[in-house]
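Notes follow the structure.
The values are calculated or read from the model by the stated rules, or taken from the named source; none is laboratory data. Everything numeric here is computed off the predicted structure, so don't read it as measured data. Virtual Cβ from ideal backbone geometry, glycine too; neighbours counted across all protein chains shown. Surface areas here come from the heavy atoms of the whole protein model, side chains and all, with no ligands, DNA or RNA. Shrake-Rupley method; radii C 1.70, N 1.55, O 1.52, S 1.80 Å.
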Amino acid sequence: MHDIAAAPADSQNEARWGELDRLRRTSPMCDAVLDEVRGRHIRSGDHWLVDFASCNYLGFDCDPEIIAAIEPAVRRWGTHPSWSRLIGSPRLYIDIEERLAGLLGVEDTLLLPTATLIHASVIPILAGQGHVFVEASAHRTVYDGCQSARGRGATLHRFRADRPAELDALLAGIPPGSPVLVCLDGVNSMSGNIPDLPTLAAICRGRNATLYVDDTHGFGVVGERGAADACPYGSRGNSVVRHTGESYDGIVLVGGFSKAYSSLLAFLALPTRLKNRLKVDAAPYLYSGPSPTASLATALAGLEVNERRGDAIRADLYRKTVRVLDHIRELDLPTLNTDRLPIVEIPLGNAEDIDAVALYLWEKGIYVTLAAYPLVPHDRVGFRAQITALNSDEDIDRLNNALTGLSHCFALGSGR
């Protein structure tokens, strides 16, 4: 038997990914094996940490009411219905799609297993042989979907959401009649900030371009706003589109249940005519195995819990997030977070300190997401703490104390 050799890598790729691979092999905070979970306390080996790397923003992963929904659904449907959706969909899918459309206030929705699969399959379909624009800080999976579109004949462009006039000028140069797709994040997965969606949507509508928004980190957390809101996140958690007062005219929204709702499931909010096209053109609908029954059951139960208790949970999440951000401001630490959402990224003054910073936080019992090159540019290497409703006030105290100590030991970046 011959050994299977690793795929060859050119020197440029080796240099680009070498630092991340080194960090994976040397840092306890990277590629860790977790042996036990108790809410937001996790154990790796014999070391307990407070989890600030979780994206389960609403704490639905440990909600007893949601957990209780799993067993009845599994007894009815089995652990995993093995049909692709084109062959057959358990009624759970239809119930979720209908309820989700009502929450979002959109004509229709389409459920598929993950946002990554959606980006990889739907972006090339929408771009066709036309033009696809990807925002400079869009999630890597969005960028990969745009690269796939280019591989199928589309022309790829980059733009910056904070320079809308430049986007307008770029779109003005596209020949009439060519499909145009503009892709960006809603709530940005690194900075936790929201783009000026109304301005960008108006530009796209004026230039006959479709705006494709990945709001996997916003759905469930931000929603429509009114005078009676319990907190600045708004109410209902029905996405960045409603949060910014926008309609779905010319907008395709992608959201995920894997963050706030803690279920392996994702969706598109879209017109029914486009939904029907994707049913015969998008590979995940045609070929992919479906989400596990447990994920379908917990997504449906999560929608019920969100309706009854979601706004109170979001208000508590906001309170805890503000405690961290106010402490960061008191320490005069940099952060990219300006919209006070529960994604707090802190860049380092010296990217080479990432190993030592990770070890410091590990020893203080704080588990975070490392933002290493090439996942982020060199000047944004640092770490990200995600606050969830399940983090206690004592957890927040522990994080703030660790940040205080960190500020005394390391130079932290400008946050530009």
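Residues of region 246-272 that are among the hydrophobic types (A, V, I, L, M, F, W, C), within 13 Å of SER291 (Cβ to Cβ) and assigned to a loop (DSSP other than H, G, I, E, B): PHE257, LEU264, LEU265.
Taken over region 147-172, the criterion of being part of a helix (DSSP H, G or I), over 24 Å from the mean Cα position of the chain (by Cα) and surrounded by 15 or more Cβ atoms within 10 Å (Cβ to Cβ) is satisfied by ASP168, LEU170, LEU171. Of all residues in region 173-191, those being outside any strand (DSSP E or B) and either under 18 Å from GLY206 (Cβ atoms) or modelled with pLDDT of 95 or more (or both) number 9.
Let's see how each residue does on (1) of a type outside the set (Ser, Thr, Tyr); (2) in contact (Cβ under 8 Å) with a residue 12 or more places away in the chain; (3) open to solvent by 10 Å² or more (accessible area, probe 1.4 Å):
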{"residue": "LEU278", "(1), (2), (3)": "yes, yes, no"}
{"residue": "ALA283", "(1), (2), (3)": "yes, yes, yes"}
{"residue": "GLY289", "(1), (2), (3)": "yes, yes, yes"}
{"residue": "THR293", "(1), (2), (3)": "no, yes, no"}
{"residue": "LEU296", "(1), (2), (3)": "yes, yes, no"}
{"residue": "ALA299", "(1), (2), (3)": "yes, yes, no"}
{"residue": "VAL305", "(1), (2), (3)": "yes, yes, no"}
{"residue": "ASP311", "(1), (2), (3)": "yes, yes, yes"}
{"residue": "ALA315", "(1), (2), (3)": "yes, yes, yes"}
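Determine, yes or no, whether ASP144 is over 16 Å from the mean Cα position of the chain (by Cα) and of a type in the set (D, E, K, R). Taking the combined requirement at face value, the residue does not satisfy it.
Number of residues in region 49-83 that are open to solvent by less than 50 Å² (accessible area, probe 1.4 Å) and of a type in the set (S, T, N, Q) equals 2. Meeting the requirement of 1 or more residues that are in contact with a helix residue (DSSP H, G or I) (Cβ under 6 Å, 6 or more places away or on another chain) and open to solvent by less than 20 Å² (accessible area, probe 1.4 Å), the strands (runs of 3 or more DSSP E) wholly within region 318-406 are 343-347.
Whether any residue in region 106-114 is open to solvent by less than 20 Å² (accessible area, probe 1.4 Å), in contact (Cβ under 8 Å) with a residue 12 or more places away in the chain and assigned to a helix (DSSP H, G or I) is what I want to check. No, region 106-114 has no match at all.
Does region 36-48 contain any residue that is closer than 30 Å to VAL222 by Cβ, open to solvent by 50 Å² or more (accessible area, probe 1.4 Å), modelled with pLDDT of 90 or more and among the basic types (Lys, Arg)? The answer is yes; a qualifying residue exists.
Applying the condition of being in contact (Cβ under 8 Å) with a residue 40 or more places away in the chain and in a helix (DSSP H, G or I) to region 23-35 and asking which residue is most open to solvent (accessible area, probe 1.4 Å) yields THR26. Do we find a residue being in contact with a Lys or Arg (Cβ under 7 Å, 6 or more places away or on another chain) and part of a helix (DSSP H, G or I) anywhere in region 119-126? Yes, because at least one residue in region 119-126 is in contact with a Lys or Arg (Cβ under 7 Å, 6 or more places away or on another chain) and part of a helix (DSSP H, G or I).
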